[in-house]
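Engineer: This structure is in structure tokens; I'll ask about it shortly.
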Amino acid sequence: MTEPATQLVGVVSPGEMGAALGAALARGGAQVLVTTAGRSPRTAGLAAAAGLELVADLDEVVRRAPVLLSVVPPQHARAVADDLVGRAGRLGVRPLLADLNAVSPAEVADIAARAVAAGIDVVDGAVSGAPPVSGRPDARVLLSGPAAARVAALPWTSVVVQVVGTAVGAASAAKMCTGAVRKGVTALVINSLLTAAENGVLDEVEAELRRVLRRDPLAEAGLAASKAWRFVPEMEAVAETQRAAGLDPATYRAIADIYRRTARGSLAERRPEGVDRDALDDPGGRSARAAAVVAGLRARPRGDEGEGPR
């Protein structure tokens with residue numbers, strides 16, 4: 001029996017998803033390197049809680065890790081990839097770069113082309129579902145590209161890995177399609193709750209959405225609000241992907257606008273790990289909770305929104 005091709009992995013960067021993926025690998029026996037240099041205390045806490053190995057700086061991650069996982073907000077994916085490729089060239093190493101960000105197939109293809117020109121191979125990747133946690137239903141990691149098998153062979157736990165093709169862009173295309181449905185429905189839930197409140201039927205609509213969706217619409221909206229700043233560029237990438245497929249991009253540009261507005265609400269200030277996902281059983285409690293969630297979804301004056309917790 002041969003050992004997995006790679007057991008030493010670098011994660012850039014250990015935010016909510018990056019730390020969770022790193023922990024999933026660490027539980028399987030991988031040595032996962034991260035740096036929190038220049039990052040917030042929250043990010044440092046996530047990395048420490050995940051049991052990841054903290055190193056001094058990003059140069060050390062790039063120098064030591066033969067596989068790098070890029071897990072960053074989609075609007076930073078290209079700049080981070082270029083930075084990692086530049087560092088690798090300066091340090092004289094050639095790590096495999098797995099871009100696991102929610103970007104369009106065209107963007108990841110461009111990222112890969114620039115990296116390959118510098119001698120760095122790229123795997124296209126995407127995460128479908130919530131960050132992996134031991135004991136929760138498995139998240140899915142979709143991979144594509146000529147070197148996808150190397151990333152698939154890592155010692156993943158709490159993750160279902162699927163290689164969806166040999167072409168860079170295939171995994172991102174799948175993510176754009178599934179993410180469009182997941183986050184598109186949630187955007188409709190947000191708008192429906194706001195509209196219901198304006199018309200005095202919030203309790204009735206909340207109860208019906210709970211029945212039809214078979215999940216808690218208030219928790220769904222609240223969790224999405226905490227990530228809305230990151231969903232804006234992802235929905236814009238969906239719009240671009242659909243435009244490239246010959247479809248009208250207007251629908252997902254509008255959904256990006258819903259999340260842009262939601263990012264200006266007070267719920268957007270909450271960290272994803274601090275959002276209450278539990279439903280309240282008491283009808284009076286649900287009513288008060290619904291009103292509080294809707295208040296937190298309402299946009300404040302422009303300029304008050306941030307870029308989410310780091």
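Just so it is clear, none of the values below were taken in a lab; they were calculated from the coordinates. What you see is a predicted model, and the numbers here were worked out from it, not measured in a lab. Virtual Cβ from ideal backbone geometry, glycine too; neighbours counted across all protein chains shown.
Engineer: Where Lys and Arg each count +1 and Asp and Glu each count -1, what net charge lies around V160 among other residues with Cβ under 12 Å from its Cβ? Don't skip to the answer; put the middle values down first.
Structural biologist: On the way: positive: R140; negative: D138.
Around V160, the surrounding residues sum to 0.
Engineer: Rounded to the nearest 500, what is the 222 nm mean residue ellipticity of the chain from helices alone, with -39500 (n - 2.57) per DSSP H run of 4+ residues and division by all residues?
Structural biologist: Rounded to the nearest 500, the figure is -16000 deg cm²/dmol.
Engineer: Same structure again: Helix check for the chain. Which DSSP H runs span at least 27 Å along their own axis by Cα, with a mean Kyte-Doolittle hydropathy no less than 0.5? Don't jump to the answer; show the numbers that get you there.
Structural biologist: Working: long enough: 170-198 (42 Å, 0.81).
Flagged H segments are 170-198.
Engineer: Springs between alpha-carbon pairs under 10 angstrom, Gaussian network model over the chain: which of R270, R261, R210 fluctuates most?
Structural biologist: R210
Engineer: Can you work out the base-10 log of I(q)/I(0) for the stretch 40-101 at q = 0.25, 0.26, 0.27 1/Å, using the Debye formula on its C-alpha atoms alone?
Structural biologist: For the stretch 40-101 at q = 0.25, 0.26, 0.27 Å⁻¹, log10 I(q)/I(0) is -1.19, -1.22, -1.25.
Engineer: Continuing with the same structure: Check R140: other-chain or 5+ apart residues with amide H under 5 Å from its amide H, H built from backbone geometry?
Structural biologist: Amide H neighbours of R140: S128, V160.
Engineer: Report the full-extension gain for the segment S40 to S134: residue separation times 0.36 nm, less the Cα-Cα distance, to one decimal in nm. Could the numbers behind the result be given before it?
Structural biologist: On the way: separation 94, 0.36 × 94 = 33.84 nm, distance 2.49 nm.
Using 0.36 nm per residue and subtracting the Cα-Cα distance, I get 31.3 nm.
Engineer: Also, I was wondering about something else. For an R0 of 45 angstrom, estimate the FRET efficiency from the Cβ-Cβ distance between R214 and L54 and round to the nearest 0.05. Intermediate results must be reported in sequence, preceding the final value.
Structural biologist: Numbers: r = 41 Å, r/R0 = 0.90.
The pair R214/L54 has a calculated efficiency of 0.65.
Engineer: Find out how many positive minus negative residues lie around V201, taking Lys and Arg as positive, Asp and Glu as negative, among other residues whose Cβ is under 15 Å from that of V201.
Structural biologist: Values: positive: R210, R211, R286; negative: E198, D203, E204, E206, E208.
Within the 15 Å Cβ shell, the charges total -2.
Engineer: Given the stretch 8-166 reduced to its alpha-carbon atoms as identical point scatterers, what log10 I(q)/I(0) does the Debye formula return at q = 0.13 Å⁻¹?
Structural biologist: -0.52
Engineer: Follow-up question, since we're still on this one. Which percent, nearest 5, of DSSP beta bridges in the stretch 9-144 are antiparallel?
Structural biologist: On the way: 5 of 20 bridges.
DSSP beta bridges in the stretch 9-144 are roughly 25 percent antiparallel.
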